[in-house]
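Structure first, commentary second.
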Amino acid sequence: MLDKKSFREEAHKLVDWMADFYDNIETYPVKSKARPGDVIRQLPKNPPIKGESFDQVFKDFESIILPGMTQWQSPNFHAYFPANSSYPSVLGEMLTATLGAQCMIWETSPAAAELEELIINWLKPLMNIPANWTGCIQDTASTATLAAMISAREQKTNWSINQNGFDNQKLRFYCSSETHSSIDKAIKVLGAGAAHLVKVDVDEHLAILPAALEAAIEKDIKDGFTPCAVVAAVGTTGTLAIDPIDTIGDICNKYDVWLHVDAAYAGTALMLPEYHSMIKGIEKAHSLVFNPHKWMFTNFDCTVYYIKDEGTLIKTFEILPEYLKTSTRGHVKDYRDWGVPLGRRFRALKLWFVIRDFGIEGIQTRLREHISYAQWFANQVVENENFELVIEPALNVVCFRMTTPEKAEDQLDQLNAELIGAINDSGEAYLTHTKVNGKYTLRMVIGQTYVQKHHIEKTWRLIQNKANLLN
Ligand SMILES: *Cc1c(COP(=O)(O)O)cnc(C)c1O
């Protein structure tokens with residue numbers, strides 16, 4: 001077993017390993033080449049009865065675990081959305097693990113609660129979130145959206161479902177056909193039934209059609225349903241489409257419906273004043289979620305959840321067993337009442353480290369760089385006759401595909417699936433795909449913490465080379 005002395009030695013070695021790993025990260029395949037079962041096959045069926053040396057454990061980490069990892073921190077990672085880390089974030093996370101605190105209420109770690117409150121307040125004016133909103137840090141956007149939907153459910157039914165369960169309340173929820181699967185999951189979990197999530201049509205930019213939303217609400221009322229909540233996307237997962245908050249907000253207020261804004265990825269761009277227009281009308285909404293654990297250089301998990309009326313949230317989630325009664329209750333923020341889990345990690349620490357280390361300007365500079373690289377990449381696509389943009393690029397996401405004059409639409413789908421396979425198998429870059437209006441589309445997401453222009457130039461050359469081999 002590690003003791004005081006060997007802990008210190010191993011920790012020093014590990015930090016060196018971590019720094020070297022980041023220096024050499026581009027020598028690893030970006031997408032792991034492991035096949036199903038490759039990892040488990042190499043490991044013993046039963047756990048060790050006697051403790052093993054850390055040396056041996058670490059050797060196995062390097063030789064068995066590491067090859068089975070996809071390198072999300074590689075600057076050649078352009079898949080999904082980034083799950084960024086950064087040097088200050090790693091250091092913060094090390095301290096969080098060292099303190100190992102359970103930050104469920106103020107008394108169990110006053111500094112954790114107050115740092116969380118401070119950061120929520122720091123970010124508000126920067127991101128143009130209304131001054132009278134409050135918020136907290138949650139584990140994921142999925143959980144925050146679930147909390148928003150349950151709050152909407154309780155407010156709409158005067159807290160009767162919390163108390164008595166569903167009693168034939170026919171609640172309806174709305175989002176566009178492009179919104180994230182976490183909305184479907186939330187509606188399933190909160191007991192309304194997936195069939196009561198209405199998927200509203202989108203326009204040519206894949207943003208929700210407000211008139212179609214209002215028509216759906218009107219029809220539901222006529223049919224005896226109770227409209228409960230709308231989820232608007234600021235940056236859909238496929239193409240970063242932005243639903244018009246201002247217009248949707250008017251509709252929600254007219255029908256007394258909760259408006260939750262899912263800005264999980266694109267919300268980070270609100271750190272740039274030039275993107276505040278993405279949430280024009282936000283004061284009409286009730287809640288917003290965004291993930292610093294995607295594009296804001298803070299390692300998973302770290303989700304910021306903003307809410308207009310914290311009273312509704314707390315009334316929905318409050319619990320008060322004897323062992324959690326404290327004398328400070330009511331004077332401090334006890335975040336266990338702000339969402340589903342009781343136990344809470346000290347997530348504010350790493351975000352605080354990141355913000356202080358980068359500075360707001362440092363964060364803004366990096367975001368603007370990423371956006372400019374995406375614009376450069378989009379221009380290359382436009383100027384190359386073998387490729388086309390599938391939809392106007394947004395922020396740092398470019399949706400594009402390979403084209404050839406002689407190939408029919410369905411052959412193009414197949415061709416682009418082969419292209420992405422060839423790129424990812426090379427181990428030199430990793431991209432994922434989406435469907436845009438039925439077309440198989442490659443997504444180039446340029447948001448990794450330490451990505452530079454030359455990485456994008458190299459990946460663009462790689463894409464062209466692989467495409468030439470298929471032509
Ligand atoms: C990533 C994402 C989510 C889910 O985020 P988690 O934190 O993994 O739950 C939800 N909505 C959008 C738009 C996303 O991009």
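The values are calculated or read from the model by the stated rules, or taken from the named source; none is laboratory data. Just so it is clear, the structure is predicted and the values come from calculations on it, not from any experiment. Here the Cβ is made from the backbone with ideal geometry for all residues, glycine too, and neighbour counts use every protein chain on show.
Using the structure shown, decide if A216 is assigned to a loop (DSSP other than H, G, I, E, B) and more than 16 Å from the ligand (Cβ to nearest atom). Spelling it out, it is not the case that A216 is assigned to a loop (DSSP other than H, G, I, E, B) and more than 16 Å from the ligand (Cβ to nearest atom). Yes or no: the range 69-80 includes at least one residue that is in a strand (DSSP E or B) and under 29 Å from E369 (Cβ atoms). Yes - at least one qualifying residue is present in the range 69-80. Please report, ordered by residue number, the strands (runs of 3 or more DSSP E) entirely within the range 329-440 with at least 1 residues that are among the hydroxyl-bearing types (S, T, Y). Answer list for the range 329-440: 430-436. Those residues that are part of a strand (DSSP E or B) and among the aliphatic types (A, V, I, L, M), I need them from the range 147-172; list them, please. If the condition is that a residue be part of a strand (DSSP E or B) and among the aliphatic types (A, V, I, L, M), then L171 is the only one that fits. The sole residue among E178, E107 that is of a type outside the set (V, I, T), closer than 25 Å to A207 by Cβ and modelled with pLDDT under 95 is E178. Take the residues of the range 147-182 that are within 16 Å of the ligand (Cβ to nearest atom) and polar (S, T, N, Q): which is nearest to M104 (Cα to Cα)? Restricting to residues being within 16 Å of the ligand (Cβ to nearest atom) and polar (S, T, N, Q), the top hit is S182.
A count restricted to the range 109-141 and to residues that are more than 16 Å from the ligand (Cβ to nearest atom), part of a loop (DSSP other than H, G, I, E, B) and of a type outside the set (F, W, Y) stands at 6. Just to be sure, is A285 surrounded by 20 or more Cβ atoms within 10 Å (Cβ to Cβ), under 30 Å from K439 (Cα atoms) and within 16 Å of the ligand (Cβ to nearest atom)? When the stated conditions are applied, A285 does not pass them.
Just need a number here: residues in the range 219-254 that are in a strand (DSSP E or B) and closer than 19 Å to L270 by Cβ.
We begin by selecting, within the range 219-254, every residue in a strand (DSSP E or B); these are 226-234, 242.
Next cut, closer than 19 Å to L270 by Cβ only: 231-234, 242.
Looking only at that region, the number is 5.
Of the residues examined, A233 is one that is of a type in the set (A, V, I, L, M) and within 16 Å of the ligand (Cβ to nearest atom).
Take the conditions within 16 Å of the ligand (Cβ to nearest atom), assigned by TED's automatic domain parsing to the domain that holds T303, under 18 Å from L351 (Cβ atoms) and buried (at least 23 other Cβ atoms within 10 Å of the Cβ) and apply them to A144. Does it pass?
When the stated conditions are applied, A144 passes them.
The rows are residues; the columns are (1) more than 23 Å from the chain's Cα centre (by Cα); (2) under 22 Å from G311 (Cα atoms).
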position: Q155; (1), (2): yes, yes
position: Q163; (1), (2): yes, yes
position: D167; (1), (2): yes, no
position: S177; (1), (2): no, no
position: A186; (1), (2): no, yes
position: H205; (1), (2): no, no
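The residues of the range 248-273 that are within 16 Å of the ligand (Cβ to nearest atom), in contact with a Leu (Cβ under 8 Å, 6 or more places away or on another chain) and among the aliphatic types (A, V, I, L, M), listed by number, are I248, V261, A263, A266, A269, L270.
Note on the range 341-368: residues that are under 17 Å from Y275 (Cα atoms), touching a residue at least 24 places away in the same chain (Cβ under 8 Å) and either of a type in the set (D, E, K, R) or crowded, with 20+ Cβ neighbours inside 10 Å (or both) total 4. Taking residues in the range 180-201 that are at negative phi, and partners anywhere that are surrounded by 15 or more Cβ atoms within 10 Å (Cβ to Cβ) and assigned to a loop (DSSP other than H, G, I, E, B), the pairs with Cβ atoms closer than 6 Å and at least 6 places apart or on different chains are H180/T237; D201/L209.
Each residue in the range 183-203 was checked for being away from the ligand (no atom under 16 Å from the Cβ) and assigned to a loop (DSSP other than H, G, I, E, B), and 5 pass.
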